[in-house]
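> Provided herewith is a single structure, encoded as C-alpha cells, for subsequent inquiry.
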C-alpha cells in the first residue's frame, strides 16, 4: 500500500472541491486550482479530511502521485506557493514594468523582458537583486522561477547569475597559468 496515498489530506475551513471527470477543482480563499486524477482513483470526504482511494492494487503507482497533486492544490488555495531568487553580479538587476512584466538586466547587450503568466505575482526588493515569485499553482510557480533562472544560470567560476535563494554553488578553480 502506498504510504503517501493513504494519508488523509486535511481540508481547512473555506476550501471546497469538485470532481469533474478526471480533474478535481479546488477552491479556497486565494483562488482556484485544478489537479488531474488518475483513472481508478477516487476522492472521499471523511470527518474534515479528504481521502484518496484506489480501485485496485494495479493503480498503486499513481495513488501517491494523485494524493500529492491534490494536497498541493489544497495548500496552494490556502497558503499559496513561493519561490525566491537571488541575482548575483555587478550591474545585474530586475525591475517590475507595470503589473505583468519583469525586466532583467543580466550583462547582455539588451534588457530581457519576462512576461508573467496569469495567476503569478512577482515581488522585487528595493535593491533589485531579490525576487519572490508567488501563486496558487505549485507547478506554475516552479516553472516560472526555473525560466527566470535559465535567463542567466549561475556561473561555476565567478558565481554570477540568477539562482534560487537556498541554492548552494560549488565554485570551480580557474586556470592556474600555462607554464
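Values quoted throughout were computed directly from the atomic coordinates according to the rules given, and no laboratory measurement underlies them. Predicted model only: the values in this text are computed from it and were never measured. All Cβ positions, even for glycine, are placed from backbone atoms using ideal geometry, and neighbour counts span all protein chains on display.
> Could you sort the peptides 43-50, 7-14 by per-residue average Cβ neighbour count (10 Å cutoff), highest mean leading?
In decreasing order of mean packing, 43-50, 7-14 become 7-14, 43-50.
> Still on this structure, please answer the following. Calculate, in nm to one decimal, what residue 153 and residue 45 gain on full extension: separation in residues at 0.36 nm each, minus their alpha carbon distance.
Net length gain for the segment: 34.5 nm.
> In addition: Before rounding to the nearest 500, sum -39500 (n - 2.57) across all DSSP H runs of length at least 4 in the chain and divide by the residue total; then give [θ] at 222 nm in deg cm²/dmol.
Computed mean residue ellipticity for the chain: -6000 deg cm²/dmol.
> Going by average Cβ neighbours within 10 Å, how do the peptides 15-23, 141-149 rank, with the highest at the top?
Order by mean packing, descending: 141-149, 15-23.
> Here is a follow-up. For the chain, what number results from the quotient of the Cα radius of gyration and 2.2 N^0.38 Å?
Against the compact-globule rule of thumb, the ratio is 1.33.
> Which of the three applies to the stretch 81-164, rounded, prolate or oblate, going by the alpha-carbon gyration tensor with a ≥ b ≥ c and a/c under 1.5 meaning rounded?
Since a/c reaches 1.5 and a/b is larger than b/c, the shape of the stretch 81-164 is classed as prolate.
> Using Cα pairs under 8 angstrom and six or more residues apart, how large is the relative contact order of the stretch 81-164, in percent?
Here the relative contact order equals 36 percent.
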